[in-house]
1. Multiply the residue gap between Ala344 and Glu379 by 0.36 nm, knock off their C-alpha separation, and tell me the result in nm, one decimal place.
2. Could you list the residues of region 362-387 with an amide nitrogen less than 16 Å from a label point located 7 Å from the Cα of Phe7 in the Cα-to-C-beta direction?
3. Taking the Cβ of Ile267 as the centre, find all other residues whose Cβ is under 14 Å away and add up their charges (Lys, Arg: +1; Asp, Glu: -1).
4. Let me understand the chain better: what is its radius of gyration from the alpha carbons, and its Dmax, in angstrom?
5. For every other residue with a beta carbon closer than 15 angstrom to the beta carbon of Ile313, add +1 if it is Lys or Arg and -1 if Asp or Glu, then tell me the sum.
6. Output the direction-averaged projected area (hull surface divided by four) of the convex hull of the alpha-carbon atoms of region 279-330, in nm².
7. Tell me, what is the FRET efficiency for Glu241 and Asn327 to the nearest 0.05, using R0 = 30 angstrom and their Cβ-Cβ distance as r?
8. Work from the charge dipole of the chain (Cβ charges, +1 for Lys and Arg, -1 for Asp and Glu, about the Cα centre) and give the residue of Ser180, Leu224, His170 farthest towards its positive end.
Amino acid sequence: GMASFTFWGWMAIIILADISYVLGYTQSREYAEMEWPIDLLIEVVWVTYLILFVGTIMRRKQPHIYVANWFYLAFILATALLHTFNNLAMPIDLFSMKSYSLFAGTQDAMTQWWYGHNAVGFFLTAAFLGMMYYFVPKQAGRPIYSYRLSIIHFWALGFMYMWVGAHHLHWTALPDWTSSLAAAFSILLLMPSWGGMINGIMTLSGAWDKLRTDPVMRFMIVALSFYGMSTFEGPMMSLKEVNALSHYTDWTVGHVHSGALGWVAMISFGSLYHMIPKLWDTKMYSQKLVEWHFWLATIGIVLYIVAMWISGITQGLMWRSFDEFGNLQYSFAESVAAMMPFYAMRAIGGMFFLTGAVLMLFNSLMTIRQAKRENVVLEAKLAAKLARA
């Protein structure tokens, strides 16, 4: 049905996008590299996803819609809106992969970063906040700390996020008032973001011992901590004085990965570890492997982002250093050479993180295999019991 189409359609999009990049077909737009035929497929799959989600909600028996579903609906609707307008393009002809954007120059840059930042805001934030608001209370065995705060979190994010994209374009041809307005909204975003982080962490009130005994809960709380850290760092980097140093450097890479690996991946790992035993009605194959995964992922992320912070700040300082004659003190090649130890540190962090993910894959597959064996044994026992009867 529609659910299968959505799943296989999304898998096809990923494969086609990868093939198109290898063949050199790209719009050269960050987070929107796919050319127009793949964009149209995304549109079809995404609308199907929206129909599935709304249709499921409409069939509910519980009149109240829990806040996690509001975050998911916002994520689906906002991503559809952003994808549609940012990818308005004219193909050279119907049999060509190449197309040109309907926007040009400063307008094109503004549209791209309205999309780019809000893809992060809704695809990589709102969706995973929906996961957080469902799975953290479930794993903690307690209701969300403040439901009222979760509602404020939702509406504040929905209103403020759409305004902040222009902070990616400080010190460019964009009108100054536009990027200043984006910076102001970026700073305002700190309040609801930290409200959501505190709401998630405080859900453990009275059950803090779970952090000592439950590695799945640790994944979720560390994810919330990274969410808080990256949502503090983002507004800080939107300030023009800070941005003058950080822009075009590895600091931005560190910031993005503290969100993508620290927040998005860790909350996903925690949610999957919560779901897999319930879906297959068994226990995880190895709790020790869950522990190992947690520490490998956490140490890996910290190594990665610390390396990028140091290299990014070093890059910014080297690029703006002048000698007594007003010439650049360092060549670009010298700045690249200075980054090598930090890139090695990042590679080690990335290997730690990847190793943890491989352990999770092995643990999950063994859990599913274990569940199938348990079902076979159960069926055999039931058959023997019926035979004796």
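Every number in this text was worked out from the coordinates using simple rules, so none of it is lab data. All values derive from a computational prediction rather than experimental measurement. Using ideal geometry, Cβ is built from the backbone for each residue, glycine included, and neighbour counts are taken over all protein chains shown.
1. Values: separation 35, 0.36 × 35 = 12.60 nm, distance 5.28 nm.
Contour length minus the Cα-Cα distance gives 7.3 nm.
2. Residues 365, 368 qualify, since their backbone N sits under 16 Å from the label point.
3. +2
4. Answer for the chain, Rg first and Dmax second: 23.6, 99 Å.
5. -1
6. Details: hull surface 21.7 nm².
Reported value for the Cα convex hull: 5.4 nm².
7. Working: r = 24 Å, r/R0 = 0.80.
It comes out at approximately 0.80.
8. So the residue furthest toward the plus end is Leu224.
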